[in-house]
1. Long-range amide H contacts for Val107: which residues qualify at under 5 Å (H placed 1.01 Å from N, peptide plane, sequence gap of 5 or more or a different chain)?
2. Along the Cα→Cβ direction, 7 angstrom out, place labels at Ile74 and Lys150. What is the inter-label distance in nm?
3. What is the pair-distance distribution P(r) of the stretch 12-84, computed from all Cα-Cα distances in 10 Å bins starting at 0, with each bin given as a whole percent?
4. Would you kindly derive the ³J(HN,Hα) couplings of the stretch 21-32 from the backbone phi angles with the Karplus curve 6.51 cos²θ - 1.76 cosθ + 1.60 (θ = phi - 60°), listing them in order in whole Hz, with x for Gly and Pro?
5. Could you list Tyr115, Tyr84 in order of exposure, starting from the residue whose Cβ has the fewest other Cβ atoms within 10 Å?
6. Using the Cα centre of the stretch 1-142 as the reference point, and only Cβ charges (+1 on K/R, -1 on D/E), how large is the resulting charge dipole? Debye, rounded to the nearest 20.
7. What is the set of long-range amide H partners of Ile35 at a cut-off below 5 Å, with H atoms built 1.01 Å from backbone N?
8. Ranked by Cβ crowding within 10 angstrom, fewest neighbours first, how are Ser89, Ser15 ordered?
Amino acid sequence: MIKILFVCTGNICRSPLAEGILREKLSRNDVTAHIDSCGFESFHVGDPPDIRAQKVALERGIDISLHRARLFTIRDFERFDYIYAMDSSHFNKIIGMARNETDKSKVDYMLNVLYPGQNRSVIDPWYHDLKAFDDVYRQLDEACELVVKKIIADFQLK
Ligand code: 4NP
């Protein structure tokens with residue numbers, strides 16, 4: 001089974017949104033996968049996603065309310081095939097914890113699927129308004145569309 005992990009700071013906005021969006025797209029494509037998300041700051045560990053993230057997802061029929069925030073751990077390198085970081089702080093922390101080249105090869109910036117090699121960040125919407133969450137949703141939706149294509153190609157699923 002394909003295993004994909006999204007990583008952000010608090011694990012209550014960007015990465016749970018990406019998780020919910022990709023899960024929905026893969027199930028629509030009949031692709032079985034294990035998808036999860038996590039973060040690097042402990043402030044919200046055990047919490048459900050931010051209410052604004054829940055709202056913009058639910059408006060598109062995606063329920064992310066059952067997710068609970070957790071921290072990235074070194075075991076995640078064994079548990080996942082692809083690890084997508086939302087910005088450079090997460091990317092650098094994950095790479096800093098990598099034990100070998102195999103671990104490193106699993107890690108990329110989320111937006112590099114849309115803008116290869118540009119290492120662009122998904123802006124943190126937490127300090128902003130609902131529109132920022134909507135913008136993040138649309139950006140992640142676009143990126144996840146390409147992640148689905150990449151998975152289908154990499155795993156020769158269709
Ligand atoms: P996220 O947003 O990384 O997209 O989940 C944040 C949520 C909470 C905090 C920072 C970013 N915080 O500092 O509590």
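1. Ile83
2. Distance between the two pseudo-spin positions: 2.6 nm.
3. So the P(r) values, bin by bin, are 20, 49, 29, 2.
4. 5, 5, 4, 5, 5, 5, 5, 5, 8, 6, 9, 7
5. With the fewest neighbours first, Tyr115, Tyr84 line up as Tyr115, Tyr84.
6. 180 debye
7. Under 5 Å from the amide H of Ile35 lie the amide H atoms of Ile4, each far enough along the sequence or on another chain.
8. If I rank by nearby Cβ atoms, fewest first, I get Ser89, Ser15.
None of the figures in this text is laboratory data; all of them are computed from the coordinates on show. Every value quoted in this text rests on a predicted model; they were computed, and no experiment measured them. Cβ coordinates were reconstructed from backbone atoms using ideal geometry, including for glycine residues, and neighbour counts include every protein chain displayed.
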